[in-house]
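Visitor: I'd like to ask some things about the structure below.
Each reported figure results from applying straightforward, stated rules to the coordinates on display, with no laboratory input. Source: prediction; values computed, not measured. With ideal geometry, Cβ positions are generated from the backbone for all residues, glycine too; neighbour counts draw on all protein chains shown.
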Amino acid sequence: MLLLKDIRRDPQQVKAALARRGYAPVSRVDEIMEMDARRRRLQQQRDELLNQSKKMAAEVGRLFKQGEREAADKARAEAAALKESVKTVEQQLAEVEAALDTLLLDLPNIPHPSVPDGQGEADNVVVRTHEAPVRASAPVPHWEVAQALGIIDFERGAKITGAGFPLYRKGGARLQRALINFFLSEAIAAGFEEVWPPYLVNEASARGTGQLPDKDDQMYYVCKDNLYLIPTAEVPVTNIYRNEILPGERLPYKLTAYSPCFRREAGSYGQEVRGLNRVHQFDKVEIVVISRPEQSYEILEEMTAHGERLLQQLGLPYRVVSLCAGDLGTASAKTYDLEVFAAGQQRWLEVSSVSNFETFQSARLKLRYRDDAGRPQLVHTLNGSALALPRIVAALLENNFNGEKVLLPEVLHPFYGQPFLQ
RNA sequence: GGAGAGGUGGCCGAGUGGUCGAAGGCGCACGCCUGGAGAGCGUGUACUCGGUGAAAGCCGGGUCGAGGGUUCGAAUCCCUCCCUCUCCGCCA
């Protein structure tokens, strides 16, 4: 959520920044300004009326105490009349505030100046590419490798639940566990606190990180209890400190969590969803940082570098992509995607997305810190995958299958228990 | 799921219709005191919206789990919801 005071300070700049994203109804900004002016006028009216009414109420009390019944009754009648006008103004105010809120919630974040121009995926900028040897004897897509080894049972997963709910078996199951442990160990070594969060969240949490209102189609919803299955650990973890004021000297807070992720992925089809490319339930280790504003961009780079180190250790070829303004997620001010090269499909697959949300989430979350002067200020929030499993598994299978078994990278040996998967 | 008891400031805790944003204590900060520390003494110590101001501040509104309601006036009374605790039920 953008801050009213920022919009008020320079609406033209906000409009220009939103236009850079391809946000079409830029005139919303004008509507917001107008609505805000109305809101402030109404509040002044209401405050004035309430002030009078409070004074009147005190007067009534005083008169009663002094036993001046008649005067008290008269004052009481006046106060009652005053209250009617308060009600009218208050109702208008509530309407304006609700409308303003809706408008404000609709605005996406402002892209950081360093974010490249562009309208969509095609305009994203490859920042750097990391080479790594492909050991596969022939280009075989991972679903064929998985079938040959009997380690992912897509059909029975579909029977149990539906398409996009893979059933991992034998070495496939064990590899999940190994990767999760490896990623968590690395995150802990990098100074992240491990947390194990709830996988269902309430409405306030979903709103806090920006899944609601705009992405509610992407979440599984448990209507009986009004809870959402998390699409990423970002949601529960970033919400840990919702509505809190953190001691400034303790920042940054660096948190990591493993969680399953549940996504409806409405509207996906074709090659996009083949095998593990896009599934409804997958596993991921997430890193989340709550930082002081002045540090957040430095931290964004560090988090990206952390993801890269994991890929380097896994021996996977990858590239770092800076998302252009038009491809940025609603809440993000800047995002780097990490993409691995999957030799079997000859495709780049996104395995991580590292974003700085600046105050977009913290404004909704009311997540603040006390600055050096002792004043509450909004924090910057960041998160990134480190890493998402399915496409890592896909790349490992496609890049390291020698026709008989999958040669695992050395870092996984202690976690997996042996050097190859067969 | 059923019955009961509760939710007040960073923490403890008083407050059951009127000057209560809230006694008292603890903690914390600053000052005095001290060779230094402690004790002691003094002062200060929530968040938010609006107005005004260069700013410090000042003025006004709101907030005592959340949201509604009654009343001239609500932390205090009523309703709904959430959470915590105790007992029962169920259960990995």
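Visitor: Do we find that A:LEU107 is out of contact with any Gly (no Cβ under 9 Å at 6 or more places or on another chain), more than 22 Å from A:LEU382 (Cα to Cα), surrounded by 15 or more Cβ atoms within 10 Å (Cβ to Cβ) and touching a residue at least 12 places away in the same chain (Cβ under 8 Å) in this structure? Outline the logic, then answer.
Guide: On the way: out of contact with any Gly (no Cβ under 9 Å at 6 or more places or on another chain): yes; more than 22 Å from A:LEU382 (Cα to Cα): no; surrounded by 15 or more Cβ atoms within 10 Å (Cβ to Cβ): yes; touching a residue at least 12 places away in the same chain (Cβ under 8 Å): yes.
When the stated conditions are applied, A:LEU107 does not pass them.
Visitor: Can you find a residue that is among the small types (Gly, Ala, Ser), in contact (Cβ under 8 Å) with a residue 12 or more places away in the chain, closer than 25 Å to A:GLY210 by Cβ and not in a strand (DSSP E or B) anywhere in the stretch A:141-153?
Guide: Within the stretch A:141-153, not a single residue is among the small types (Gly, Ala, Ser), in contact (Cβ under 8 Å) with a residue 12 or more places away in the chain, closer than 25 Å to A:GLY210 by Cβ and not in a strand (DSSP E or B).
Visitor: What number of residues within the stretch A:27-51 satisfy the criterion of being surrounded by fewer than 15 Cβ atoms within 10 Å (Cβ to Cβ) and either farther than 15 Å from A:ALA98 by Cα or without any contact (Cβ under 8 Å) to a residue 12 or more places away in the chain (or both)?
Guide: 10
Visitor: Can you name every residue in the stretch A:101-114 that is within 14 Å of A:ILE7 (Cβ to Cβ) and in contact with a Leu (Cβ under 8 Å, 6 or more places away or on another chain)?
Guide: Hits for the stretch A:101-114 are A:LEU104, A:LEU107, A:PRO108, A:ASN109, A:ILE110.
Visitor: Here is a further query. Among the residues of the stretch A:320-333, which ones are over 25 Å from A:LEU3 (Cα atoms) and either among the hydrophobic types (A, V, I, L, M, F, W, C) or surrounded by 23 or more Cβ atoms within 10 Å (Cβ to Cβ) (or both)? Give the derivation first.
Guide: Step one: list which residues in the stretch A:320-333 are over 25 Å from A:LEU3 (Cα atoms), which gives A:320-322.
The answer is A:VAL320, A:VAL321.
Visitor: Would you pick out the residues in the stretch A:28-83 that are more than 6 Å from RNA strand B (Cβ to nearest atom), within 44 Å of the chain's Cα centre (by Cα), over 29 Å from A:LEU18 (Cα atoms) and of a type in the set (Asp, Glu)?
Guide: A:GLU48
Visitor: Would you be able to tell me the number of residues in the stretch A:90-109 that are of a type in the set (A, V, I, L, M, F, W, C) and part of a loop (DSSP other than H, G, I, E, B)?
Guide: First, pick out the residues of the stretch A:90-109 that are of a type in the set (A, V, I, L, M, F, W, C): A:93-94, A:96, A:98-100, A:103-105, A:107.
Applying the additional criterion that residues be part of a loop (DSSP other than H, G, I, E, B) yields A:107.
Residues meeting the conditions: 1.
Visitor: Still on this structure, I have one more. Quick one: would you say A:TYR336 is part of a strand (DSSP E or B), buried (at least 18 other Cβ atoms within 10 Å of the Cβ) and either acidic (Asp, Glu) or within 16 Å of RNA strand B (Cβ to nearest atom) (or both)?
Guide: no
Visitor: Going residue by residue through the stretch A:3-20, is there one that turns out to be near RNA strand B (Cβ under 8 Å from one of its atoms) and touching a residue at least 40 places away in the same chain (Cβ under 8 Å)?
Guide: Looking through the stretch A:3-20, at least one residue is near RNA strand B (Cβ under 8 Å from one of its atoms) and touching a residue at least 40 places away in the same chain (Cβ under 8 Å).
Visitor: Kindly provide the set of residues from the stretch A:370-421 that are within 16 Å of RNA strand B (Cβ to nearest atom) and surrounded by fewer than 24 Cβ atoms within 10 Å (Cβ to Cβ), ordered by number.
Guide: If the condition is that a residue be within 16 Å of RNA strand B (Cβ to nearest atom) and surrounded by fewer than 24 Cβ atoms within 10 Å (Cβ to Cβ), then A:ARG370, A:ASP371, A:ASP372, A:ALA373, A:GLY374, A:ARG375, A:PRO376, A:GLN377, A:LEU378 are the ones that fit.
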